[in-house]
Amino acid sequence: MPDLFPTTEEVTQEKLKDDAAAGGPSIVNHLGPDSFKKDGLRPFFEYRPLGLKELTGGKVGAHVIRAVPGQHPDAPRHSHALQFQFVYVLKGWTIFEYEGYGQHKLVAGSTVYQPPGVKHKEIDHSDDLELIEITMPADFETAVEDQAAT
């Protein structure tokens, strides 16, 4: 006979199973090539959300970012209001400039812990660039540097 008073863990597991059955994020997800969307921060990238935003109630965000072939960066120098940002390059290369840290070419296997609030700018990237980005929180504000101040 099932327990009339399930534990928090059992309720959480059932909710994740129900969400997965309804097509929502689960602890295990199988994302196909059609899971990339063009509705992210930059128009020259496509974004594949990995479901952590929903699973953590917005505390953590994670997505795969890939370059749109033939489109290259035109974003101004900016910063993000967040607590944590980490990048891991899966494929291709990109060049970033970080205030106080200089320019760096990132290649497959490169990692970046981007300190909160650091001003940065992407300089260029390969058409086959793919990377994973993890942030805390999932949603955050981006501030563009005043171009007259540079």
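Coordinate-derived values only; no laboratory data. Predicted, not measured: the structure shown is a model, and the values here were computed from it. We place every Cβ from the backbone using ideal geometry, glycine too, and count neighbours over all the protein chains shown.
For Asp39, what charge total do you get from the other residues with a beta carbon under 13 Å from its beta carbon, if Lys and Arg give +1 and Asp and Glu give -1? Intermediate values should be presented prior to the final figure.
Details: positive: Lys37, Lys38, Arg42, Arg48; negative: Glu46.
Overall, the nearby charge balance is +3.
Suppose R0 equals 25 Å; then what is the FRET efficiency for Asp128 and Phe86 from their Cβ-Cβ distance, rounded to the nearest 0.05?
On the way: r = 21 Å, r/R0 = 0.85.
Efficiency, rounded to the nearest 0.05: 0.70.
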Coarse-grained scattering of the stretch 48-118 at q = 0.13, 0.27 Å⁻¹, given as base-10 log I(q)/I(0) from a Debye sum over alpha-carbon atoms
-0.46, -1.43
Estimate the FRET efficiency between Glu97 and Asn29 by the formula 1/(1 + (r/R0)^6), using the beta-carbon distance for r and 22 Å for R0, to the nearest 0.05.
0.05
